[in-house]
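Visitor: Below are the structure tokens for one structure; questions will follow.
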Amino acid sequence: MKENHLRLFIAVPLPPLLKEEIGKVLDRLRQGAGGVRWVRAENVHITLKFLGNVPGERVREVAQAMRRAAEGHAPFEIEIRGAGGFPTDRSPRVLWIGIGD
């Protein structure tokens with residue numbers, strides 16, 4: 001990564017109760033998976049868009065644009081649709097849960 005760049009993504013935080021439930025699932029998964037680096041349940045989120053490496057001087061601009069875009073939007077419901085891992089299901093670096101439209 002270039003100096004003074006940050007890897008950014010646009011994400012939606014999850015409600016505390018949902019994070020707690022996800023934490024319980026992660027605890028069960030951890031028991032059968034040695035050598036895996038797990039994300040703490042409080043850091044679980046819905047990624048909307050991965051922005052990649054963004055110059056440090058543009059971070060404030062990106063944050064302001066996202067605040068403007070999110071203003072006035074009400075909470076919404078999602079439907080879980082599928083799960084998997086990437087780069088492959090057999091050797092995942094990231095586990096994902098799909099959501100419906």
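Visitor: Going through segment 53-88 one residue at a time, which ones are assigned to a loop (DSSP other than H, G, I, E, B) and surrounded by 11 or more Cβ atoms within 10 Å (Cβ to Cβ)?
Guide: Once the filter is applied, which keeps residues that are assigned to a loop (DSSP other than H, G, I, E, B) and surrounded by 11 or more Cβ atoms within 10 Å (Cβ to Cβ), segment 53-88 yields only Ile78.
Visitor: Show the residue pairs that are 6+ apart or on different chains and have beta-carbon atoms under 7 Å apart, the first residue being within segment 1-27 and under 15 Å from Lys49 (Cα atoms), the second being among the polar types (S, T, N, Q) and in a strand (DSSP E or B).
Guide: As it stands, the answer is Arg7/Asn53; Phe9/Thr47; Ala11/Thr47, since those pairs meet every condition given.
Residue-wise test of (1) assigned to a strand (DSSP E or B); (2) farther than 15 Å from Val12 by Cα; (3) basic (Lys, Arg); (4) touching a His at 6+ places or on another chain (Cβ under 6 Å).
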{"residue": "Lys24", "(1), (2), (3), (4)": "no, yes, yes, no"}
{"residue": "Trp38", "(1), (2), (3), (4)": "no, yes, no, no"}
{"residue": "Glu42", "(1), (2), (3), (4)": "no, no, no, no"}
{"residue": "Thr47", "(1), (2), (3), (4)": "yes, no, no, no"}
{"residue": "Leu51", "(1), (2), (3), (4)": "yes, no, no, no"}
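Visitor: If you don't mind, there's one more thing I want to ask. Against the condition surrounded by 12 or more Cβ atoms within 10 Å (Cβ to Cβ), hydrophobic (A, V, I, L, M, F, W, C), more than 27 Å from Val59 (Cα to Cα) and within 15 Å of the chain's Cα centre (by Cα), how does Leu18 come out, does it pass?
Guide: yes
Visitor: List, please: which pairs have Cβ atoms under 9 Å, are six or more places apart or on different chains, and start with a residue in segment 72-101 that is within 22 Å of Asn43 (Cβ to Cβ) and among the basic types (Lys, Arg) and end with one that is loosely packed, with under 10 Cβ neighbours inside 10 Å and modelled with pLDDT of 80 or more?
Guide: Sorted first by the residue in segment 72-101, then by its partner, the pairs are Arg93/Pro87.
Visitor: While we're on this one: Quick one: is Leu29 surrounded by 10 or more Cβ atoms within 10 Å (Cβ to Cβ), in a strand (DSSP E or B) and not polar (S, T, N, Q)?
Guide: No, not satisfied.
Visitor: Here is a follow-up. Suppose we filter segment 1-54 for residues that are modelled with pLDDT of 85 or more, closer than 24 Å to Glu77 by Cα and of a type in the set (D, E, K, R); how many remain?
Guide: Of the residues in that region, 5 qualify.
The values are calculated or read from the model by the stated rules, or taken from the named source; none is laboratory data. No experiment lies behind these values; they were computed from the predicted model shown. Quick reminder, even Gly has a Cβ in these numbers, built from the backbone with ideal geometry, and neighbours come from all protein chains shown.
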